[in-house]
Amino acid sequence: MRLTQTQIQLVKDAVTRHFGATARVFLFGSRLDDARQGGDFDFYVETDMNDPATVIDRKLALLAQLHATPAFEGEKIDLIIKPALPGPYPPIYQVARREGVSL
């Protein structure tokens, strides 16, 4: 996994701050492969929040917080947020959850 301990802690703390202590965050995509270089950061977050407007606001705040840190400055970050709402959800949600590594 190509994520430093500092980056892991920053992500976990930021997710907790914006989505609560019960939220879970996973890394998926190219950053899981140690043999590769570059690539964006793909995070999948599960939350018990169920208000779409709140989820969007929190997602944007989370992205802003991460981009404001030296550890993620200038990096591309993709966030997939799965709220506590019935689907259907696009297939990427299943892929992210199945292949992701819990942080």
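Within region 34-62, the set of residues being in a loop (DSSP other than H, G, I, E, B) and not basic (Lys, Arg) comprises 34, 35, 37, 38, 39, 40, 47, 48, 49, 50, 51.
One residue alone among 87, 29, 74, 100 is surrounded by 14 or more Cβ atoms within 10 Å (Cβ to Cβ) and modelled with pLDDT under 95, and that residue is 29.
Pairs linking a residue in region 68-81 that is within 16 Å of residue 18 (Cα to Cα) to a residue that is small (Gly, Ala, Ser) and outside any loop (DSSP other than H, G, I, E, B), with Cβ atoms under 6 Å and 6 or more positions apart or on different chains, are 80/96.
Exactly one residue out of 65, 9, 94 is assigned to a helix (DSSP H, G or I), in contact (Cβ under 8 Å) with a residue 40 or more places away in the chain and either surrounded by fewer than 19 Cβ atoms within 10 Å (Cβ to Cβ) or not hydrophobic (A, V, I, L, M, F, W, C) (or both), and it is 65. For region 12-26, a residue qualifies if it is surrounded by fewer than 18 Cβ atoms within 10 Å (Cβ to Cβ), farther than 17 Å from residue 69 by Cβ and in contact (Cβ under 8 Å) with a residue 40 or more places away in the chain, and exactly one does: 24.
The values are calculated or read from the model by the stated rules, or taken from the named source; none is laboratory data. Everything quoted here is computed from the prediction, not taken from an experiment. Because the Cβ atoms are built from the backbone with ideal geometry, glycine has one as well, and the counts that use them run over all protein chains shown.
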